[in-house]
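Heads up, the thing below is written out as structure tokens.
Please treat every number below as a calculation from the coordinates, not as lab data. As the structure is a computational prediction, the values presented were derived from the model and not from experiment. Neighbour counts run over all protein chains shown; Cβ positions are idealised from the backbone, glycine included.
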Amino acid sequence: MKSLTLALISSLLIACVGCMQLPASPKPRQLVSAQGKVSYLVQCYKKSECAAQAEKLCPRGYDTINASSGSVEYDADGRERTLTKYQSEITCK
């Protein structure tokens, strides 16, 4: 009985992890320097998503000016978890 209970709890935990979704990434922001140079601030919760946003903004390629990451607290449905948020400033080629 104990092993059946543990198996059931494990299955439920695995199912719950699959249900958790990352919050939507903010839309890229256009930045303009004092010299008039245009760059974009791309923010996301997955590195691959940042790359996809950058490629969409800059189909001919891009250069990364600055990149960083940090942890953010996210509270959804009464649950708290720590997520890594990535951000890059890019310029199109």
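State, to one decimal in nm, how far the label point of Ser33 lies from the label point of Ala52, with both points 7 Å from Cα in the Cβ direction.
3.0 nm
Which FRET efficiency, nearest 0.05, do Leu41 and Asp77 yield, Cβ-Cβ r, R0 25 Å?
0.30
Do any trypsin sites (Lys or Arg not before Pro) in region 21-69 lie in a DSSP loop with no more than 14 other beta carbon atoms within 10 Å, and if so, which?
Lys37, Lys46, Arg60
Under 19 Å from a point 7 Å along the Cα-to-Cβ line of Ser68: which residues of region 28-47 have their amide N that close?
Answer for region 28-47: 28-34, 39-47.
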